[in-house]
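Below: the structure, in structure tokens.
The values are calculated or read from the model by the stated rules, or taken from the named source; none is laboratory data. Remember, predicted model here, so these are calculated numbers, not experimental data. All accessible areas refer to the heavy atoms of the entire protein, side chains included, with ligands and DNA or RNA removed. Shrake-Rupley method; radii C 1.70, N 1.55, O 1.52, S 1.80 Å.
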Amino acid sequence: METRKVFAEKFNEAMKYSPLTYSELAKKLGITKATMSMYKHGKALPSLETFDLICVFLDVSADFLLGKKDF
């Protein structure tokens with residue numbers, strides 16, 4: 001499966017368990033809601049720095065977001 005699609009699927013799954021909304025996470029990451037929407041829908045991938053922060057804020061591993069491990 002395409003990396004963007006896998007990331008979007010796992011990202012959305014992690015968000016289900018997060019106390020943060022997409023808007024709150026976007027604010028913490030310093031990105032726009034439009035950019036967040038692109039991640040959410042598999043239209044773009046975050047930079048490595050943003051990817052790392054997503055892992056921290058959602059308390060998930062990089063392997064999870066890349067589809068290599070389950071929660």
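Accessible area per residue was computed with a 1.4 Å probe on protein heavy atoms; Asp59 scores about 130 Å².
In the chain, Cα pairs under 8 Å separated by at least six residues give a relative contact order of 41 percent. At q = 0.12, 0.13, 0.15, 0.22 Å⁻¹ the log10 of I(q)/I(0) for the chain amounts to -0.25, -0.29, -0.40, -0.92, computed by Debye summation with a single uniform scatterer per C-alpha, solvent ignored. For the chain, the tally of Lys pairs with Cα-Cα distances below 22 Å comes to 28, considering only residues 8 or more apart or on different chains. Residues Phe57, Phe51, Phe7 ordered from highest to lowest accessible area at a 1.4 Å probe: Phe57, Phe51, Phe7.
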